1. Note the full-extension length gain between S253 and T408 as 0.36 nm times their separation in residues minus their Cα-Cα distance, in nm to one decimal.
2. Using every pair of alpha-carbon atoms in the range 243-314, split the distances into 5 Å bins beginning at 0 and state the percent of pairs per bin, rounded to integers.
3. Just want the ordering: I42, I214, I64, from fewest to most Cβ atoms lying within 10 Å of their own Cβ.
4. Quick one: compute a quarter of the convex hull surface over the Cα atoms of the range 1-128 and quote it in nm².
5. So how far apart, in nm, are the two label points at F181 and D291 if each is 7 Å from Cα heading toward Cβ?
6. So what is the 222 nm mean residue ellipticity for the chain from helices alone, if each DSSP H run of at least 4 adds -39500 (n - 2.57) and you divide by all residues, rounding to the nearest 500 deg cm²/dmol?
7. Any idea which of N364, V132, M20 is furthest toward the positive side of the dipole for the chain, if Lys and Arg beta-carbons carry +1 and Asp and Glu beta-carbons -1?
8. Quick one: order K418, K423 by neighbouring beta-carbon count within 10 Å, fewest to most.
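Read-outs throughout are calculated quantities, based only on the coordinates presented, and are distinct from any laboratory measurement. Please read all numbers here as calculations on a predicted model, not as lab measurements. Here Cβ is always computed from backbone atoms with ideal geometry, including for glycine, and neighbour counts include all displayed protein chains.
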Amino acid sequence: MQDNSIKSIVIVGGGTAGWMTAAALANLLKDTKITLIESDQIGTVGVGEATLPHLRFFIQRLGIDEHAFMRATNATYKMGIEFINWGEIGDAYIHPFGDFGHPIKGIDFHHYYVKLHQQGLNKPIGQYSLPVMASKAKKFAYPSTDEKSILSTYSYAFHMDAGLFSNFLRDYSETRGVTRFEGMVTRVNQCNESGFIKSVTLNDETEFDADFFIDCSGFKGLLIEQCLKTGYDDWRHWLPCDRAIAIPTQATSAPLPYTKATARNAGWQWRIPLQNRVGNGHIYSSPYMNDDTALETLLANIDGKPISEPNFLRFTTGKRKKAWSKNCVAIGLSAGFLEPLESTSIHLIQLGIMKLLDFFPDRNCDEIRVNEYNRMMQLEFERLRDFLVLHYHATQRSDSAFWNYVRTMPLPAGLDHKIKLFKERGRVVQYSEGLFLKASWLAVYFGQGIIPTHYDWQLDTIPTEHIVKQLDDIESDINSAVHQMPSHADSIAQHCALAKSWRTPPPRASFSLYGG
């Protein structure tokens, strides 16, 4: 019987996408030759250094010690994202990696909160979230494995130096057999009959052939678009920001355990605290703000001396119509771009890798696998897009043309229904597939002033004083737990000192990027 398995893979492009892909494949595939081609002459985008909790499982499955990773990437812990000036100027709330309260008698906590809110409770819902209160207190502790403990009700992610992370994974990958070649791809060669990619040619005329190709070439999509011409869905009418300026600064204080996203006149500004510096950036919409004004706005709102020149970036929010075409999959920016408002960039890389491993093909690249991969990635992109659009649309701001536009723009199909249902009944529409769970939607709804008109009618059978006591008890338990947690700075100092060697290859096993 003919062996039709994939024996060779070429990854075009390095950076976070390329080296995460190389590391995952090297960890799983024993007998496959993996080659990565990148050029030091091409800079990486690297605007996002904040992550989501899913990255922890990627690191674990690679057999990498988390503390070694943190030390190598100057990482800090992240328990959520603070959004400032999004609902109205002066507002602030934290989207936590954890729940608000807990269900009581089978009814979601937020219904209890809404009932008391209608009766005059003026506390923000964040006071019933442990990661919110820990963030405000600048505390951090690892979640408990005891599911009965309140310390088990949250997760965490990282702020990290994306460039150092790429270097870290390069070392990991090369130790496990990945071969890196320096050079720029100047020509992509296809089979005349099938249209499959046969090989790529570098600027020095070196040619690399392979059974399968992975495009990590960034926005330009060297393989997936310039060669295979899969097309692009432009989402700027929903997410109109199309420019970014990034600049790192010296740290002036101990790092916070959360990211900051501050809304500005025509976009927003990020602040990401690392151990050794702070990452800053301003994402904005060029029809509403020019580059000079955007830079002035950024420089006027940073707390520390810049340590490099500003990096100007241009992008088109959206996605490839097909992330997988023939024998090529696009991962990372070559597959699409959603602004890093909710730190989804690295997650989308991880998701693309995970789905590729789920549907890993033979050399035929059967259409059934290709189509299902594209369907699932389309769903993930669309649902992430809708969550980001919610942040812009759920605003009362009318102080600029930008905010007037996003507040009144037509919404993607389904999102309008989702918002209206929550406003009326307090119901959060759940997806069978999609990243952000109920607590994430609740954070934005309540944080930006969308309060349901009605709560679950069953609460009218419970005396109000009982509900008050239950919420008081939850708040008390949270405050007690936060009081016992060490400071974020102390946790970093303690755990980074515990780093172990990660160079010994772990046993090969099944690969799940989500744990389990």
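1. 51.9 nm
2. Here the calculated profile for the range 243-314 is 3, 18, 31, 24, 15, 7, 2, 0.
3. Placing the least packed residue first, the sequence is I42, I64, I214.
4. If you wrap the Cα atoms of the range 1-128 in a convex hull and average its projections, you get 15.1 nm².
5. It works out to 3.4 nm between the two label points.
6. Value at 222 nm, helices only: -10500 deg cm²/dmol.
7. V132
8. Ascending Cβ contact count within 10 Å gives the list K423, K418.
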